[in-house]
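What follows is a set of notes on a single structure, which appears directly below.
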Amino acid sequence: SASRSACNSKGSMIVVSNRLPFILKRNEKTGDLERKASAGGLVTAVAPVVIRGAGIWVGWPGLHLDDPNEKIPESDPKDKTPTAGLLSEKIVPIHAEPKLFDSYYNGCCNGTFWPLFHSMPDRATFIADHWKAYIKINEEFAEKTVRALHLLKQQKGKNGSSPPIVWVHDYHLMLAANWIRQRIEEDDIKCKLAFFLHIPFPPWDIFRLFPWSDELLQGILGCDMVGFHITDYCLNFIDCCQRNLGCRVDRKNLLVELGGRTICVRPLPIGVPFDRFVQLAQNAKPVLSTSQQIILGVDRLDYTKGLVHRLKAFERLLEKYPEHIEKVVLLQISVPSRTDVKEYQDLKEEMDQLVGRINGRFTTPNWSPIRYIYGCVGQDELAAFYRDAAVALVTPLRDGMNLVAKEFVACQINKTPGVLIVSPFAGAGEMMHEALICNPYELDDAAEVIHRALIMPEDERIVRMNHLRRREQLNDVDSWMKAFLKAMDSLEEEADDIGAT
Ligand code: F6P
């Protein structure tokens, strides 16, 4: 069963992701490298499986080292996060020439794939040099992964354990799997290859705008299993495989055939570490000293998150329903992200101006409508914000899943719960049925939905939140991990036969 696999780790796992599960920082005083732990849900779920199975993590350490042989430090003995047990010998860092890495990460990943896959082609740039850098860096990841596989093979010797799983993550590494497959076939190494995309997979008429789209599909199809958050993204991917490459496909069973192999495509909606958030919410001290109802937004500062639309919808609320003036506050936390990319710098400017304009328009001697935090917030403080907010606004223009919606729900432990408002254009909007749905493009409607949330009677809040919480507790990030392992376990049976197209 899936849980048996998760606990006993029959085979080892090699995780391949753009970032390692921690970042390296140089201590300015001592000059030593230090690990800075990551608290993300994905890391929390995946790291224990890698550790238990004596697996390996391949990724970029978050800084460029002058000496590529410099040793990765062990974790701080005080570090209690799940990656603490990941010994440095189990870490394979990617080293790249900074300019090349910049063209790959800021140029191709964030300048091309991020906007394109979020169905915003006008923001995407298509630059051959960026694509070349993407190819080179993907080759480097593939090369390091193959070396890691050799290492595992030596360590395991002939004690007959199951073949390792190589799990490649996200849009940064869409080419790596196919090269890994080719190399291991030459070297006669056995492994199961999987890919998971953490962002949406766009419809064909958007996807095909990318000039080298065939190569991307062939790269991903190097895997045995390809996972997306929701069925819609699976179907978009299958559609592209059929229309771009002429693959035989089975939409009912979500299968694609290429070069005599059958690739399983699976919806695997990610969850959050629910119980950890409950605990944080139980222990966190109140941080909001206000008698007003808090409307909360928490996002990376990214143009896909619909932040400008959100502020305008809030402005519309105050225009249409002046009874909320001095009674509500919008607390928007915007976490700095990809600050080297111009689109993100422009968005910061636009947000700063908009917050200033709206506050200038509505502020009274005792009250300002928007509290705007541009910076990172610790987990304890975040849990307190989630717990004490009356309304959470999760209104992206497009989003693969959106974990803020789920973290908010987990932290709703107060007797009178808050209300979740979610965009239908986020993966989370597909399955969190008891949330209020709001189209962020329609400002009048968005204002109406926020008003409805603010005045929602207590019994309705309770019923909605109870359902939301139950679902998220059941489908937390550990159960996502188990679903992935189960899908990998049953690959052979599923791939036996491909049905009619
Ligand atoms: O959601 C996609 C994603 O790449 C995540 O994996 C990551 O945590 C987030 O965006 C932040 O991106 P970056 O690694 O570019 O800072």
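The values are calculated or read from the model by the stated rules, or taken from the named source; none is laboratory data. As the structure is a computational prediction, the values presented were derived from the model and not from experiment. Counting neighbours? That spans all protein chains shown, and the Cβs are built from the backbone with ideal geometry, glycine included. These area figures cover heavy atoms from the full protein model, side chains too; ligands, DNA and RNA do not enter into them. Shrake-Rupley method; radii C 1.70, N 1.55, O 1.52, S 1.80 Å.
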Original post:
Which of the peptides 366-373, 481-488, 331-338 is most tightly packed, and how do the rest follow, judged by the mean count of other Cβ atoms within 10 Å per residue?
Top reply: 481-488, 331-338, 366-373
Subject >> Farthest positive-ward along the chain dipole, Cα basis, beta-carbon charges - from Trp204, Gly31, Asn110 >> reply: Gly31
Subject >> With Cα atoms, 0 to 90° folded angle of helix 176-187 axis to the chain main axis >> reply: 20
Subject >> Cβ-placed point charges (K, R +1; D, E -1), dipole of the range 368-451 about Cα centre in debye, nearest 20 >> reply: 240
**OP:** Any chance you could get the radius of gyration and Dmax over the Cα atoms of the range 346-399, in Å?
**Re:** 13.6, 38
Subject >> Val419 long-range amide H proximity, modeled H, under 5 Å >> reply: Val391, Ala392
Original post:
Rounded if a/c is under 1.5, else prolate if a/b beats b/c, else oblate: with a ≥ b ≥ c from the C-alpha gyration tensor eigenvalues square-rooted, which is the range 153-271?
Top reply: prolate
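May I have the convex hull volume per residue, in Å³, for the Cα set of the range 53-156?
Numbers: hull volume 14.4 nm³, N = 104.
For the range 53-156, the hull spanned by Cα atoms encloses 139 Å³ per residue.
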Original post:
So what does Leu403 come to for accessible area, using a 1.4 Å probe and Å² rounded to 10?
Top reply: 60
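For Ile180, what is the net charge nearby, where nearby means another residue's Cβ is under 13 Å from its Cβ and Lys, Arg count +1, Asp, Glu -1?
On the way: positive: Lys144, Arg147, Arg181, Arg183, Lys190, Lys192; negative: Glu139, Glu140, Glu143, Glu185, Glu186, Asp187, Asp224.
Spelling it out: positives minus negatives among the neighbours equals -1.
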Original post:
What are the ³J(HN,Hα) values, in whole Hz, obtained from phi via the Karplus relation 6.51 cos²θ - 1.76 cosθ + 1.60 with θ = phi - 60°, for each residue of the range 329-344 in sequence order, with x given for Gly and Pro?
Top reply: 9, 8, 9, 10, 9, 10, 8, x, 8, 6, 5, 7, 8, 4, 3, 6
Subject >> Heavy atoms of Cys376 accessible to a 1.4 Å probe, total area in Å² rounded to 10 >> reply: 110
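Please give the peptides 124-135, 65-76, 380-391, 195-206 ranked by average Cβ packing (other Cβ atoms within 10 Å per residue), highest first, as a rough proxy for protection.
On the way: 124-135: 16.8, 65-76: 12.0, 380-391: 21.9, 195-206: 20.1.
Peptide ranking by packing, descending: 380-391, 195-206, 124-135, 65-76.
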Original post:
What angle, in degrees between 0 and 90 and rounded to the nearest 10, separates the Cα long axis of helix 231-245 from the longest principal axis of the Cα atoms of the chain?
Top reply: 50
Subject >> Heavy-atom accessible area per residue - the range 269-308, 1.4 Å, Å² >> reply: 40
Subject >> Ratio Rg/Rh, restricted to the range 104-222 and using Cα atoms, in which Rh is the Kirkwood radius >> reply: 1.04
Original post:
If you take the charge dipole of the chain about its Cα centre, with +1 on Lys and Arg Cβ and -1 on Asp and Glu Cβ, which of Gly219, Gly53, Phe101 is farthest toward its positive end?
Top reply: Gly53
**OP:** Report Rg/Rh for the chain, rounded to two decimals, where Rg is the Cα radius of gyration and Rh the Kirkwood radius.
**Re:** 0.97
Original post:
Sequence-distant or interchain residues sharing an amide H contact under 5 Å with Asp224, placed H: which?
Top reply: Leu193, Ala194
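Once Rh is set to the Kirkwood radius over Cα pairs, what Stokes-Einstein translational diffusion coefficient, in µm²/s, holds for the range 354-501 at a temperature of 10 °C and a viscosity of 1.306 mPa s?
On the way: Rh = 17.8 Å.
Diffusion coefficient, whole number: 89 µm²/s.
Which order do peptides 340-352, 172-184 fall in by mean Cβ count within 10 Å, highest first?
Numbers: 340-352: 14.2, 172-184: 22.5.
Answer by packing, highest mean first, reads 172-184, 340-352.
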**OP:** Quick one: P(r) of the range 10-110 from all Cα-Cα pairs, 10 Å bins, percents rounded to integers, in order of increasing distance.
**Re:** 14, 47, 31, 7, 0
**OP:** As a check on your grasp of the helix formula, calculate [θ] at 222 nm for the chain: sum -39500 (n - 2.57) over DSSP H runs of n ≥ 4, divide by the residue count, round to the nearest 500.
**Re:** -13000 deg cm²/dmol
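Using a simple charge model, +1 on the beta-carbon of Lys and Arg, -1 on the beta-carbon of Asp and Glu, nothing else, what dipole does the chain show about its Cα centre, in debye to the nearest 20? Don't skip to the end; give the middle numbers.
Numbers: 60 positive and 66 negative charges, 199 e Å.
In debye, rounded to 20, the chain gives about 960.
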Original post:
Classify the range 350-437: rounded, prolate or oblate, from the alpha-carbon gyration tensor (a ≥ b ≥ c, eigenvalue square roots; a/c under 1.5 rounded; otherwise prolate if a/b is larger than b/c)?
Top reply: prolate
**OP:** Working from Cα positions, state the angle (0 to 90°, nearest 10) between the long axis of helix 443-454 and the longest principal axis of the chain.
**Re:** 80
Original post:
If one computes P(r) from the Cα atoms of the range 307-403, what percent of pairs lie at distances over 15 Å?
Top reply: 67
Original post:
Mind listing the phi-derived Karplus ³J(HN,Hα) values for the range 308-316, rounded to whole Hz, using 6.51, -1.76 and 1.60 with θ = phi - 60°, and x for any glycine or proline?
Top reply: 5, 4, 5, 5, 5, 5, 5, 4, 4
Original post:
Taking θ as phi - 60°, what are the ³J(HN,Hα) couplings along the range 50-67 by the Karplus curve (6.51, -1.76, 1.60), each to the nearest whole Hz, with x for Gly and Pro?
Top reply: 5, 5, 4, x, 6, x, 9, 10, 9, x, 8, x, x, 8, 9, 9, 5, 10
